[in-house]
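Peer 1: Quick one: the structure is below, questions incoming.
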Amino acid sequence: MPLYCFVRGDTLGLVVLADEAESIDELALRLARAAAPRVTLAAPLRVWHRGRVLEGELTLGQAGLSALDRVDLTQEDDLG
Amino acid sequence: MPLRDEWCDLARKLDWSFSYAEERQVFPEALSGSPWLPAQEWRDWDEPFRSTYAEYVSTQQRKEVSFQAIAEAVGRIEDVSKLDPGWLSVVKLHMATLPLAEFAAVIGNLRAARFGRDSAWRMTSLLGALDELRHTQLPLRAMHDLVRWDEQFEWTHRLFHSDDWVAVAGRHLVDELLLGSDAIEFAIGTHFVFETGFTNLQFIGLTAMAKQVGDRLFEQMLQSIQTDEARHAQIGHPVLKKLVQKDPARAQRLVDKWFWRSFRFFAVVTGFAMDYLTPLHARRASFKEFVEEWVVDQFQSSLSELGLALPKYWQAFLEALPIYHHMLYASAYTYRATTWFDFVLPGPKERAWLAEKYPQTWPELEPVWHNIEERWRAAGPGVEWFTHGTTPVAFCNLCQLVLCAGTPCRNSAVFVDKPGRRYVFCSEPCRELFEAEPERYAAHRGVVERILAGQAPANLLELVRYFGLSEASWGRDVVSGHYDFLKRGGQP
């Protein structure tokens, strides 16, 4: 499932190919790694979708993510 | 009255009535442009240069001789190889993005030379087409001998024949502006907005920097081209003036659109050059300062004189001016293998200069460069991949540039769902322009759509090869991380 991803503090949007069965926490780690050349986020991390924070244990499918959705990654203390 | 003035307009301003075809057939609206007006409405069209063909040939011949002498004197490998490596990237970027775009402008000018609505307009466009042919040939000729020294110079010709993301974005702009526009849109978009509005950044700003770094070849080439541009850019004003009288809403719409699209183009080509690639000692002013001096002031007065409002996206432009090219450069630095030129890592002195020039926006960008710097320090010189991204990046469905608008804390990308397809735009102006003419843009496949359709690889290394780059040509850090300031205890 391709997703448009934006990491807080980063300078660009990325396209991540994710698996519907992977968890939001796994996605968060993947996004953090993808942006690592430019920005380092401290755990715990939050994944935002349509204005709400997604539970880390949910799979992408359970969280209601669809292909080409936008997700944002922030640190937990970031207000979003 | 001198003989020249007596006879000039007999040839230059020569229109006639048609006996065997309707005027609308000779000048169809689809090619001549909207609104379609009868010939008498264009009868007072004029521009100040009023060159004859003989004068043109004579002047151009002198310029060619002069440029050729400079090229022979200072354009050899042993001359160019002495230049600052960052500056060489300015040359590679500039030389690749412009010559074949200029060739497209030959076609745009030739269309106007046939379908422009007044004979003087057509004559000036014909000379414009010859100018643009020259602007294609000069860089191709000047860079040709350098290819055997540095393969990246081959991209002077290669870029627009490739599927590199910069080429995809460049073609999207150039195809519409220079190849797909009718004579009126071409005159306003190209001559009035792009050439009159923006190219001073190149011809004055970059020329001054070329002089400072000692690149006489580049300096002379830009100066030689500038004198041509100054002449044929005059086509834009009288066309826009007429359009303002007859269809002010369309006049405003065309200015709005091409102002925004031109700004995006120059943010890359000139923004990178002025604020990052040119060595600090040779910078006369920041990109923002140049734009304020040569675009903002001039554009405001030209539009006001014509009775037009500022472009619709003026505020968005002012907000983007101090940050957009910085976002794009930091992104491109960490994806440098996807381009054909090398990148400079701004060190402490460069970043102090940028902080001074961009006090409002630099604080959000400094952490990005600090992060990149720390990764270079951790990996050591030569280890390019540790400061390089591996995940595919997202592109705007209008400008086709990376989604770099907004700020690091708030990327301004917007999404629009249409039947069967989701579109993403870097900014509201790009979204609005797309939605105003979806028939022009909706079918285009950018890099991401090609990856998703299986036409391009998702793996970055394979994607770089799909872009047409090889290990010999892809972009690197100009010194592969061998900066003094990165050494433990090194001097800033």
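Peer 1: If I go through the stretch B:171-194 residue by residue, how many of them are over 14 Å from B:His232 (Cα atoms) and of a type outside the set (A, V, I, L, M)?
Peer 2: Adding up the residues that qualify gives 8.
Peer 1: Also, quick follow-up: Quick check: is even one residue across the stretch B:270-283 in contact with a helix residue (DSSP H, G or I) (Cβ under 6 Å, 6 or more places away or on another chain), in a loop (DSSP other than H, G, I, E, B) and open to solvent by 10 Å² or more (accessible area, probe 1.4 Å)?
Peer 2: Checking the stretch B:270-283: at least one residue is in contact with a helix residue (DSSP H, G or I) (Cβ under 6 Å, 6 or more places away or on another chain), in a loop (DSSP other than H, G, I, E, B) and open to solvent by 10 Å² or more (accessible area, probe 1.4 Å).
So that you can scan it fast, the table gives a plain yes or no per residue for (1) open to solvent by 10 Å² or more (accessible area, probe 1.4 Å); (2) assigned to a strand (DSSP E or B):
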{"site": "A:Glu57", "(1), (2)": "yes, no"}
{"site": "A:Ala63", "(1), (2)": "no, no"}
{"site": "A:Ala67", "(1), (2)": "yes, no"}
{"site": "A:Leu73", "(1), (2)": "no, yes"}
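Peer 1: For B:Phe425, indicate whether it is hydrophobic (A, V, I, L, M, F, W, C), touching a helix residue (DSSP H, G or I) at 6+ places or on another chain (Cβ under 6 Å) and crowded, with 22+ Cβ neighbours inside 10 Å. Talk me through it step by step, then tell me what you get.
Peer 2: Values: hydrophobic (A, V, I, L, M, F, W, C): yes; touching a helix residue (DSSP H, G or I) at 6+ places or on another chain (Cβ under 6 Å): yes; crowded, with 22+ Cβ neighbours inside 10 Å: yes.
Yes: the conditions hold for B:Phe425.
Peer 1: Test of understanding: among B:Ala456, B:Ala413, which residue is under 18 Å from B:His325 (Cα atoms), open to solvent by less than 40 Å² (accessible area, probe 1.4 Å) and more than 22 Å from the chain's Cα centre (by Cα)? Write out each step before concluding.
Peer 2: Values: B:Ala456 fails: under 18 Å from B:His325 (Cα atoms).
Among B:Ala456, B:Ala413, only B:Ala413 is under 18 Å from B:His325 (Cα atoms), open to solvent by less than 40 Å² (accessible area, probe 1.4 Å) and more than 22 Å from the chain's Cα centre (by Cα).
Peer 1: Consider the stretch B:181-195. How many of its residues are farther than 21 Å from B:Ala249 by Cα and in contact (Cβ under 8 Å) with a residue 60 or more places away in the chain?
Peer 2: Kept after step one, since they are farther than 21 Å from B:Ala249 by Cα, are these residues of the stretch B:181-195: B:195.
Still in the running and in contact (Cβ under 8 Å) with a residue 60 or more places away in the chain: none.
So the count comes out to 0.
Peer 1: Just name the residue that is nearest to A:Ser23 (Cα to Cα) out of those in the stretch A:55-76 that are within 14 Å of chain B (Cβ to nearest Cβ) and among the polar types (S, T, N, Q). Walk me through how you get there before you give the answer.
Peer 2: Filtering the stretch A:55-76 down to residues within 14 Å of chain B (Cβ to nearest Cβ) leaves A:65-75.
Restricting the remaining residues to those that are among the polar types (S, T, N, Q) gives A:66, A:74-75.
Numbers: A:Ser66: 14, A:Thr74: 16, A:Gln75: 17 Å.
Among those residues, the one meeting the criterion is A:Ser66.
Peer 1: Would you check which residues across the stretch B:317-347 are closer than 12 Å to B:Phe287 by Cβ and within 13 Å of another protein chain (Cβ to nearest Cβ) and list them? Can you show your working first?
Peer 2: Narrowing the stretch B:317-347 to residues closer than 12 Å to B:Phe287 by Cβ: B:320-326, B:328-329.
If the condition is that a residue be closer than 12 Å to B:Phe287 by Cβ and within 13 Å of another protein chain (Cβ to nearest Cβ), then B:Ile323, B:Tyr324, B:His325, B:His326, B:Leu328, B:Tyr329 are the ones that fit.
Peer 1: Is it the case that some residue within the stretch B:43-50 is in a helix (DSSP H, G or I) and either open to solvent by less than 40 Å² (accessible area, probe 1.4 Å) or closer than 23 Å to B:Ala169 by Cα (or both)? Outline the logic, then answer.
Peer 2: Our first condition is that a residue be in a helix (DSSP H, G or I); within the stretch B:43-50, this holds for none.
Taking every residue of the stretch B:43-50 in turn, none turns out to be in a helix (DSSP H, G or I) and either open to solvent by less than 40 Å² (accessible area, probe 1.4 Å) or closer than 23 Å to B:Ala169 by Cα (or both).
Peer 1: Name the single residue, out of those in the stretch A:1-43 being within 8 Å of chain B (Cβ to nearest Cβ), assigned to a strand (DSSP E or B) and of a type in the set (Val, Ile, Thr), that is nearest to the chain's Cα centre (by Cα).
Peer 2: Ranking the qualifying residues of the stretch A:1-43, first place goes to A:Val16.
Peer 1: Which numbered condition trips up B:Ala113, out of (1) in contact (Cβ under 8 Å) with a residue 40 or more places away in the chain; (2) of a type in the set (Gly, Ala, Ser); (3) open to solvent by 10 Å² or more (accessible area, probe 1.4 Å)?
Peer 2: (1) is the only condition that B:Ala113 fails.
The values are calculated or read from the model by the stated rules, or taken from the named source; none is laboratory data. Fair warning: this is a prediction, and the values are worked out from it, not measured in the lab. Note: ideal-geometry Cβ built from the backbone for every residue, glycine included; neighbour counts use all protein chains shown. SASA here: full protein model, heavy atoms, side chains in, ligands and nucleic acids out. Shrake-Rupley method; radii C 1.70, N 1.55, O 1.52, S 1.80 Å.
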